[in-house]
Structure formats: structure tokens, C-alpha cells
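Working notes, beginning with the structure itself.
The values are calculated or read from the model by the stated rules, or taken from the named source; none is laboratory data. Please read all numbers here as calculations on a predicted model, not as lab measurements. Using ideal geometry, Cβ is built from the backbone for each residue, glycine included, and neighbour counts are taken over all protein chains shown.
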Amino acid sequence: MTSVVARRQPAFGPRAARIGLYVFLAVSAIFFLLPLLLVIMNSLKPMEEIRQGNLLALPINPNFDAWVSAWQSACTGLDCAGVRPGLWNSIKITIPSVVISTLAGALNGYALGQWKSRHANMIMLLVTVGLFIPYQAMLYPTVKILSNVGLFRTYAGIVFVHVIYGLPYTTLLFRNFYVGIPDEISRAARMEGARFLRTFWSIILPISTNILVVVAILQFTGIWNDYLLGLIFAGNDNLPMTVQLTNIVGNSRGAANPNVNMAAALITAIPTLVVYFLSGRYFVRGIAAGAVKG
Amino acid sequence: MSTWLKRQGFKPDITVAAFFAVVAIFFYGSILWTFYMSLTRSTLIPKYEIVGFDQYFDLFTNQRWLVSCLNMVIFGVFYMVGTLAFGTLLAVLADRRIKAESFFRTIFLYPLAVSLIITGLSWRWLLDPTTGLQALIRGIGWETFTFDWLTRPDRAIYTLVIAGIWHSAGLVMVIVLAGLRGIDNDLWKAIRMEGIPLWRAYCQVIFPGMRPVIASCVVLLMSEVIRGYDLIIAMTKGGPGISTEMPAKFAVDFYFARVNLGLASAASIMMLALSLIMLMPYFYSEFRRRS
């Protein structure tokens, strides 16, 4: 019992200091919540209340009209179908991108962990540097390569780009996890006659559930929230939600309807927020693991 | 030959080779290609005749590029110092015995799940002088209250800093907190026994011992600064005027809207060079430590 308490640091001493501490925490909490509250409040206001001018006033007659418009009739340029097509595009892009980049990262990470060569460190360095290459230095050649094979501005093209650009990150996360598991497991499987891919699929993958969830969540958040790659590579028929949202907000008709814009922003944010609230522990662990070891 | 193939089935080499090929082509090959384009006079259509470093010369006499770089430095310094200080403070507080810790933590970290596009839009709405915060505070009686930075060319960049800190403070908090939780309990006992005041304990003992942790935060934030694009697009679109333009947006604009392939490539290569220079010390110490 004492040891459990002793692991945590003691509280601040004097009473005044403790009150100050909670005031600071409360102010910080307000700072973090303010944008979210603003968007929620105004998405529930009818236009008459918006016209009164103050976005931070509480809604008097809250209703979901703005949500309905944002969902099905807000205009992104010429067509007025709301964020619904964007939501579907984002789902369609995100799911295969996350699954493929996560599984490929696991395979690569395992292979790199098993690969005993004096060049291993060199490859790790190249991959790690790869994480920090600004997209701008790779964009044009990627566009060229994809147009040559007819994938530029197509559905397959955007998924491909998400997978390729995500690979160094997922590979590193898995590699750091796999160097921590005992080599005996792989060796025993090889003795039994299991080939490399077989070992990976039947032995290694089943014991990697935690890291799989962590990486999948990070990739989901990253790809769902992506804007630049979707804008360039998805093509008009597959624009993800983030791009459609900026089109709705930037539209001349959109400027007049802040409540609809905010409802559209909320609908776009909901999927990653839900994942965050449901998986808090994994989410946080992923960020810490990716940052400290990567 | 067939035994060689059979043996390969048990080794990771083929997978490693495939992965290496992808990285070599799409990452390093692309960089070389972009560098090559930056040495040409390509506009909409690529030209393959090398003219030397003309584009770089044009770049550094381009007013908009120079302003972009300066903006990046201003944004970078304030954003990094602010995020590090605020995030570290939150981590220290969360490491003490506070009530409702998980409640506060949930609030401090949720911006990490929110896209930079939505971050930018929300802060733009919040800081809009005619309808946002300024209007609210005037509305409750303080008639002369003014906070119109979003629309002032000399101040708009700091509104990006605020939104950036809002988005990233949680990241620093998580990383520093993980570092604090890893600190040996005996060290704390010794500090208590010596009667060292808390703030001195943190500044002189705890933080210096966490240098690698702080270094990873710095590296992550720095790469956010150099890549910064989405936040600007959503919040200011580079304006008012060109007062919040930054290199990442400069490059994308010149690639696609202004179709000056050569200049955009030169700008991209400069961004890459900056990233590598900034990361060099970190990689050097990281890899020396490992091997």
C-alpha cells in the first residue's frame, strides 16, 4: 500500500499553492475546451441567433437544422450534397490505407528485426530520416510516377500514396516492438520447418495485438485528418472530408452560414474523436512509443 | 539455384529488399528527381536541360519566399517555446497527486485527435474580432477590449502560434509525462531528504536527466514547423496579405496553382535541407548511443 502511494509524487504542500494549482488546471481546461464548445454551440443555433452576431452566446432555441443542412445540402462549389459524399470517401480511403500500411509495416518491422546484417543500421537510418522528409520534396515525382501508370487522381492512387508515405512510420513502430520479443520464438518456428512468412503470419502476428491496435489507431487518425495528400492525389470523385469541409467553408454561400460550417466541421471531427475517447489508453501509448523510440 | 530459393524462404531478406526498394524509389529517388528539377527552368511542363542554381538565386530574391522563411522562424520559435513550456508544465502537474487527473488529461489530449484543418477553422471562428472572443468580452461590458490579431498583418502569425500550441501541448505532455514516470523513486527520496525546493529539483536535477526525452519533443515540433501547411490553409490562407505565408505553402502553391515547377522544387529542396540540418545533431547522438 505504502509503495503504491510512494510511487506517485507528493502533493504540493501549502493550501494556497494547491488552490493556485487547480485554478491553473481549470483555466487550461477552458483553453482546451473553448474551440470545441464554440463549434458545438453554434452548430445548434438557428440562423436568427447567428445573425445577432456573437458566436460565444449560448443557443436559445437549440435544434439540429444546421446539422441536417451540413449533412445533405451544404455546397462545396457547384454541387450541394453536404459532407455526406466526403464522409463516404474518407471511409473508403481510410480503411484500406490503414489495414495495408499497418500489416505491411508489421511484416517489414519483423523482417528488419530478424535481418542480421551489418547494413541493418544503415537502413534504419535511411528509414528514420524518411520520417522527416517534407512531402513537398517527394510530391512531384510521386505525381509523375502515378500518372505514368494511370493512377493519378484515382481512388487506388490515393490509397497507394497513403500506404507508401505511411510505411516508414509503421515499420519503425513495429521494428521497435519486435526487437523486444525473444528471438527463440522465431528460431523454434524455423526448426519446425515454418518459412519466414508462415512464422510471421501464424506465430508473430497473433502475439502483436497490442501494437497492431496502437499503430492502426495512429494511422487512422493521421489518414483521416490528412488534407494535402487528399487534395492532390484523390481526384474530384474521391475528395476526403477534410478537403470537402474547406470547400464548404470557403464557398461564398458557406460564408453566410457559420452554423452549417460548424456542424460540418463537427461531423468531420467526430470519427477521430470517438476513436480517441474509446481507446484513450492505446492512443496515448502510441504517441509516447512513436515519439520516444522513433 | 533451387536450394538457394528454398533457403530464401526462411530468411527475411526478400521482404527487406522489397521494403528497401520502396523507400529507395519513392523517398530517396523522389528527392533526387526533385533536386534535378530544381536545376532546370521547368514551368508547367518539365524541361530537362540543366541551367545550374538559377532557381535558388530566384528563390532568395523572391520577396514572398523571404517573408515565408522569416514567418517560419517567428512561428517556430514562439510555437516551440510555448508548446514545450506549457506541455511540460502540464506533465509536471499531472505527475503530482491531483484530483480528477484522468478528467484533466482527457481534456488536455483531445486536440491530438483533431485535424489541423479543424483546429485552424475553430480558432479562426473563435478569434474573428466581429463575432468571436472580442465581441463576447465587449458584450459583457468591457467596451474597449480589443483582440483583433487575426486581421492584423503584424499580429496574425501569433494567432497561428496560439492554435499550434493548442494542438501540440498534449503531445509534449504525453512524452514528458512518460519520461517523468520513468524516473527512479530513489532520486525523489534523495531530493526530499536534501530538502531541495521543488522548482530547483525539476530545473537542476529532473529535466537535465531527461535530455533525450526533451530532444525528441524538439525534433517532433521542429518537423511540424517545417511542414506546417494545413493550419495556415484553414486559419489565414497566408494572409492578411502575405503576413502568414510559410515555405510549405510556398512550395505547394508554386507546384500546383502557379505552375513553376523549377522554383517549387528549389523551395522543397531548401525545406528538406533545413530539416536535415536541424535533425543532424539529434541523429548523430541517437545513433552513437545505439551502436
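Observations, loosely collected:
- Filter pass, A:VAL260 being in a helix (DSSP H, G or I), in contact with a Ser or Thr (Cβ under 9 Å, 6 or more places away or on another chain), at pLDDT 90 or above and more than 16 Å from A:ILE91 (Cβ to Cβ): no
- Of all residues in the stretch B:150-167, those that are in contact (Cβ under 8 Å) with a residue 60 or more places away in the chain have Cβ atoms under 7 Å from Cβ atoms of residues that are basic (Lys, Arg), 6 or more apart or on another chain, in B:LEU150/B:ARG124.
- Selection count, the stretch A:78-109, where residues are more than 22 Å from A:VAL243 (Cβ to Cβ) and of a type in the set (Gly, Ala, Ser): 4
- The set of residues from the stretch B:41-56 being surrounded by fewer than 20 Cβ atoms within 10 Å (Cβ to Cβ) and touching a helix residue (DSSP H, G or I) at 6+ places or on another chain (Cβ under 9 Å) comprises B:ARG41, B:THR43, B:LEU44, B:ILE45, B:PRO46, B:LYS47, B:TYR48, B:ILE50, B:VAL51, B:PHE53, B:ASP54, B:TYR56.
- Set side by side, the residues B:ALA257, B:ALA266, B:ALA234, B:ALA248 differ, and just one is modelled with pLDDT under 90 and among the hydrophobic types (A, V, I, L, M, F, W, C), which is B:ALA257.
- Within the stretch A:145-189, considering residues that are under 21 Å from A:LEU239 (Cβ atoms) and of a type in the set (Ser, Thr, Tyr), the one nearest to the chain's Cα centre (by Cα): A:TYR165
- Single unsatisfied condition, B:LEU221 versus (1) more than 30 Å from B:ARG181 (Cα to Cα); (2) in contact (Cβ under 8 Å) with a residue 40 or more places away in the chain: (1)
- Qualifying residue in the stretch A:111-131 (condition: modelled with pLDDT of 90 or more and out of contact with any Gly (no Cβ under 9 Å at 6 or more places or on another chain)): no
- Leading residue by the ranking (surrounded by the fewest Cβ atoms within 10 Å (Cβ to Cβ)) among those in the stretch B:96-132 that are aromatic (Phe, Trp, Tyr) and closer than 23 Å to A:LEU25 by Cβ: B:PHE103
- Exclusive hit being over 18 Å from A:ILE267 (Cα atoms) and out of contact with any helix residue (DSSP H, G or I) (no Cβ under 8 Å at 6 or more places or on another chain), set A:PRO62, A:PRO14, A:PRO96: A:PRO14
- Taken over the stretch A:69-90, residues that are surrounded by 14 or more Cβ atoms within 10 Å (Cβ to Cβ) and free of Cβ contacts under 8 Å to residues at least 12 places away in the same chain amount to 2.
- Helices (runs of 4 or more DSSP H) lying entirely in the stretch B:1-74 (those with 1 or more residues that are more than 12 Å from every other protein chain (Cβ to nearest Cβ) and over 23 Å from B:LEU274 (Cβ atoms)): B:2-8
- The number of residues in the stretch A:62-99 being assigned to a helix (DSSP H, G or I) and either out of contact with any Gly (no Cβ under 9 Å at 6 or more places or on another chain) or of a type in the set (Asp, Glu) (or both) comes to 14.
- When the residues of the stretch B:88-115 are filtered to those that are modelled with pLDDT of 85 or more and not in a helix (DSSP H, G or I), the one that is farthest from the other protein chains (Cβ to nearest Cβ) is B:VAL114.
- Restricting attention to the stretch A:191-229, the residues that are under 21 Å from A:VAL143 (Cα atoms), touching a residue at least 60 places away in the same chain (Cβ under 8 Å) and in contact with a His (Cβ under 9 Å, 6 or more places away or on another chain) add up to 3.
- Subset of the stretch A:132-150 that is assigned to a loop (DSSP other than H, G, I, E, B) and farther than 18 Å from A:ASP226 by Cα - its residue that is nearest to the other protein chains (Cβ to nearest Cβ): A:VAL149
- Looking only at the stretch B:216-271, residues that are outside any loop (DSSP other than H, G, I, E, B), of a type in the set (D, E, K, R) and more than 9 Å from chain A (Cβ to nearest Cβ) come to 3 in all.
- Applying the condition of being under 17 Å from A:LEU229 (Cβ atoms) and not aliphatic (A, V, I, L, M) to the stretch A:93-131 and asking which residue is nearest to the other protein chains (Cβ to nearest Cβ) yields A:GLY130.
- Assessment of the stretch A:34-45 against the conditions (more than 8 Å from every other protein chain (Cβ to nearest Cβ), closer than 22 Å to A:ILE267 by Cα and outside any helix (DSSP H, G or I)) yields at least one matching residue.
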